[in-house]
Structure formats: C-alpha cells, structure tokens
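The structure appears right after this line, and notes come after that.
The values are calculated or read from the model by the stated rules, or taken from the named source; none is laboratory data. Bear in mind that the values here come from a model prediction, so they are computed numbers and not experimental data. FYI the Cβ positions are ideal-geometry reconstructions off the backbone, even for glycines, and counts take in every protein chain you see.
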Amino acid sequence: MKDFDFAQIDAIINARSIAIVGASNTPGKFGSLLPASQAAMAFTGATYLVNPHAKEIMGQPAYPDLASLPEVPDLVYITIPAHRAMPVLHECADVGGRGAVKAVVIIASGFREAGEEGLRLEEEAAGLARRGGFRILGPNCFGIYNPRNHLTLLPGYDLSTVPGDIAFISQSGGFAAHVARLGKSLGLRFSAVVSYGNGGDLDEADLLRYFAADPQTAIISGYLEGTRDGLALRKALCAAAAAKPLVIWKVGKTESSRRAVASHTGSLAGSAEIWEALLRQSGAISASGIDEVADIIMALKLVGRHPGKRLLISGGGGGLGTYAADLAAEEGLEVPLPAAETLNRMQEALVRAGAAPGNPLDIGAPLIPLNEFEGAMRAAARDPATDLFLFDLATNFAYGLAGEPGLHLAADTLIKIREESSKPLVMVLYSRDCDAADLTQERLVRELRDKFLAAGIPVYPSMPRALRALARINQL
C-alpha cells in the first residue's frame, strides 16, 4: 500500500496556481471550455494558459511551455491526447526542481483502459511522476472542483462558489459534474468534488483517506467502478466510515456492466456480493444512482445519522398514508400508533368530517382551515412515540385559503412548528397535475422546495425516495 501524505494531497486540492496545457481559442474543445469555466469561477490563484502555437487565448497571454511561465504552477492540467502527454510530463518532472509541480491532471483517455499500449503509457507516466515528485490525477478524468479556492476543472459555468462540507469522489467525470450541478440546485455545498478516472496514481483509497482527515469535510460520498488494490480500499473505507458518514454508489454488478467498467477506466469491478459485503462491513451507506446519493446526503445533512426509525406520516388523503405505511415497512421503518396524548390533541384540532387522527394522520385536505391544520401539525411534531415527522404535500391541495396563498401559509406553518420542535420534519413535495405544460405548478413546487430547504428541511419529490433515504441514514 502506498504511503499517505495528507499535506501533499491538500496542496493539490487547494492549489494556488494552475497551468492548462493545450489551452485553445477553438470553441468546443476542452482546451477552451476549461479556461472559460475557470474564469467564470474566478479562481483565487493564478491561471496560466500554455499553447506553443498561440500568443493570446481568450484575452490572456499564452505561453509556449511550462518553463516560460512566471512561476512553477502547483497544478498542471493536460488537455491534449494521450500520446502527446508524455513530453509535458517530462517537462513537469524537470521544471523548477523535484516536487515543484504538485500534481498533474490528465484528462485524456487512451491509457490502461485502451489495452497494452495504453497500459505502457500509464506506467511511463507513473514513472515520470515518481522522478519529478508530483502526483497524477487521472488519466481519463475531469479533475477538481473546489469552491473553497474557486477552482473548477469540471466543465461548465454553473457551479456554486459557496463552499460546504460535502466531498464527492468519482471515477466518472460526467457523474462528478452532474453531482456538483445537482448539489447546487438542492442547496448541497461541497468541500470538493474530485474526478480521478483510472486512478493510475491518486486513487479512491488516497482520496477517501484525505477527506476522512480533512477538517473542512463532514460527509464523504463517491461513485466507484472498481479498484486495483482491494486491501488498500478496504482499509480506507473502514477508516473513512469510522470518521464520518460515508455514502458509496458502486456500479459493475452484472457481467455487462463489469465489461463496461473495464473499458471505461480499466478497473477490476469484482463481484456484487463481495462489494456489498465490503460496504456493509466497513459501515458505508450503499446507494444506487445519482438521485439516491443526493437524497441520502440531504438526509444526512438536514436530519443526521441514525435519527430513529419511527415515523409519523401525514398528508391529505387516507390512501397516501396507507401507501406510505407499506413502503415504510418494506424499507425497515416503523409507523407506530401515536401516544394517547397525541391522539387527544389531534382529535381536538381536527373537527371537520374526513379527518382521521392516528398514524398515518389524514388531515382531510383539501381546504382544511388553517387553525385546524396548525393544531394537528403541532400535535404530530410533539408525539413522543415517533422520531420523525413525514408530511406529504401536493401543490394541487390548499390549506387555509384556496390556491397558492394557502400552500405558502401551510409551508410557513410547518416551518414554524419545525423550529419549535426537536423532531425532524421531512417533506414530500410534488404536483399531481398531469399537464406537463402547466408551468404554474412547476414554479410553485420550486418556490415551496426552496422555502423548505432554506429552513433546513429536506424535500423529496416522491414518497419512495424519501423513505429510502431515511432507511439508509438509519443503516448500521
């Protein structure tokens, strides 16, 4: 197993200067997309553009090589094809003395995953890194997104510059970018997102150990295809899960997907049974898909680990409560009877026909008077027999007043009650309108979602997703 150097990796993640080799004025190339993305993020350090065939790129001076730069950059990003990358790596090993360049990010594919010649190139690159005292991220990756220093080598202009405490590592560059963008829309803020591709040098074990020790990271998550060092990964998973909540999405569970893994990053996917046992024994939370990763992170962030399995479920309509209770049981969650005093308070609050105090709690919507709604919700939030309050809100219903005003009043009421209660509130929020052209409902869902998220209340678009996330954060 390789030696672990926290300070070395920290200097890479928090680079103070970068050089983009292969920078270009040609639209559509990574060499043009990445400088534009970096400029949009307003990196706090220096950015140098390297291209021997250009004097100026995007209004900035271009340099012919690394030796001509005003300083040796911490991070060198190579956007040119694999067979042309070796001379640049030689230059990285020579410029400024051993260890002057902290790391090289190689975006190109065509290495280990491409066969024997690609493997030779990857081994040559690793040898140059050892000689020059730098590390390699990749090949076949996007690189680093770090809002702490406004570094983004993920393509795209729409990433948040607000730092947070969630880390995401990924063998897929596309999924790394997707999670970063999804996090922005859900209010999930990152300490860093790292796309590491083949993991020819810095790999999943190194990054897990780094984020486990990083004081700026509270939750670790990742997308894994496979590994080349199972023992090192096992130790890293156990250490990371012991330090912080760890969410892992592992693919390559079928024969066809294992073939895809081998051709994508050249990793050994392994059997599904071994991976499931490894994740379970390490204490990691297993996820499936980007949405589920985000759902679990949101629950961890806004509800916390092991909040309890006893739910009080409420909403408008008896059918949805019955459906939710079945789903909860399937996920290993409980929907117990409320305490006697809770039932008394519910009965006092809900005096109209159609309401059914209990758990699930049917409030008899739509158009329930606001005072009845508030009384029932306060009773639910105070119930000592349950750990979590789960409320199903469809934007086609209204509370207190018809239409949008009633829904916003209901949301404000729930937020106020959550602030007064020690019991976490989880929202299921959606529209029952089947007309895809109804932009009013889409806007309303977005407004209400943003309101709940701003108040620290997790929001899910469906009952199955909410219950699955709550089951995962209770997983031992």
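Residues that are in contact with a helix residue (DSSP H, G or I) (Cβ under 7 Å, 6 or more places away or on another chain) and farther than 22 Å from K184 by Cβ within region 429-467 comprise S431, D433, M463, P464, L467, listed in sequence order. The residues of region 216-233 that are modelled with pLDDT of 95 or more and of a type outside the set (A, V, I, L, M, F, W, C), listed by number, are Q216, T217, S221, G222, Y223.
For region 429-438, the criterion of being of a type in the set (F, W, Y), surrounded by 15 or more Cβ atoms within 10 Å (Cβ to Cβ) and at pLDDT below 95 is satisfied by at least one residue. Those residues that are at pLDDT 95 or above and either surrounded by 24 or more Cβ atoms within 10 Å (Cβ to Cβ) or under 24 Å from G183 (Cα atoms) (or both), I need them from region 234-253; list them, please. If the condition is that a residue be at pLDDT 95 or above and either surrounded by 24 or more Cβ atoms within 10 Å (Cβ to Cβ) or under 24 Å from G183 (Cα atoms) (or both), then A236, L237, A240, A241, A243, K244, P245, L246, V247, I248, W249 are the ones that fit.
Test K55 against the criterion of being under 28 Å from the mean Cα position of the chain (by Cα) and charged (D, E, K, R), and give yes or no.
no
Summed over region 169-187, the residues that are crowded, with 24+ Cβ neighbours inside 10 Å and part of a loop (DSSP other than H, G, I, E, B) give a count of 1.
Return yes when D5 is of a type outside the set (A, V, I, L, M), within 30 Å of A232 (Cβ to Cβ) and modelled with pLDDT of 95 or more and no when it is not. Here the answer is no, as D5 does not meet what is asked.
If I filter region 108-125 down to residues being part of a loop (DSSP other than H, G, I, E, B) and modelled with pLDDT under 85, which single residue comes out as surrounded by the fewest Cβ atoms within 10 Å (Cβ to Cβ)? The residue in question is G115.
Of the residues in region 457-468, none is on the phi > 0 side of the Ramachandran plot and within 29 Å of the chain's Cα centre (by Cα). Quick check, is A213 surrounded by fewer than 18 Cβ atoms within 10 Å (Cβ to Cβ), modelled with pLDDT of 95 or more and farther than 23 Å from S37 by Cα? For A213, the condition - surrounded by fewer than 18 Cβ atoms within 10 Å (Cβ to Cβ), modelled with pLDDT of 95 or more and farther than 23 Å from S37 by Cα - is met.
If you take the residues in region 202-219 that are touching a residue at least 40 places away in the same chain (Cβ under 8 Å) and touching a helix residue (DSSP H, G or I) at 6+ places or on another chain (Cβ under 6 Å), which one is nearest to I457 (Cα to Cα)? Restricting to residues being touching a residue at least 40 places away in the same chain (Cβ under 8 Å) and touching a helix residue (DSSP H, G or I) at 6+ places or on another chain (Cβ under 6 Å), the top hit is I219. Report, by residue number, each residue of region 73-86 that is free of Cβ contacts under 8 Å to residues at least 60 places away in the same chain and part of a loop (DSSP other than H, G, I, E, B). Residues satisfying the conditions are P73, T79, I80, P81.
All of (1) part of a strand (DSSP E or B); (2) surrounded by 23 or more Cβ atoms within 10 Å (Cβ to Cβ) hold for L89 with one exception: (1). Across region 39-72, what is the number of residues that are outside any strand (DSSP E or B) and crowded, with 20+ Cβ neighbours inside 10 Å? Count: 4.
Within region 1-34, work out how many residues are among the small types (G, A, S), touching a residue at least 24 places away in the same chain (Cβ under 8 Å) and outside any helix (DSSP H, G or I). I'd like the intermediate steps shown before the answer.
Applying the first criterion (among the small types (G, A, S)) to region 1-34 yields 7, 11, 15, 17, 19, 22-24, 28, 31-32.
Then drop every residue that is not touching a residue at least 24 places away in the same chain (Cβ under 8 Å), which leaves 11, 15, 17, 19, 22-24, 31-32.
Those still in the list that are outside any helix (DSSP H, G or I) too: 15, 17, 19, 22-24.
Of the residues in that region, 6 qualify.
F6 passes all but one of (1) more than 24 Å from the chain's Cα centre (by Cα); (2) over 14 Å from L151 (Cβ atoms); (3) not acidic (D, E); which number fails? So F6 meets the others, but not (1).
Within region 291-325, being part of a strand (DSSP E or B), touching a helix residue (DSSP H, G or I) at 6+ places or on another chain (Cβ under 9 Å) and modelled with pLDDT of 95 or more holds for L311, L312, I313, S314.
Give the number of residues within region 152-168 that are modelled with pLDDT under 95 and buried (at least 21 other Cβ atoms within 10 Å of the Cβ). So the count comes out to 4.
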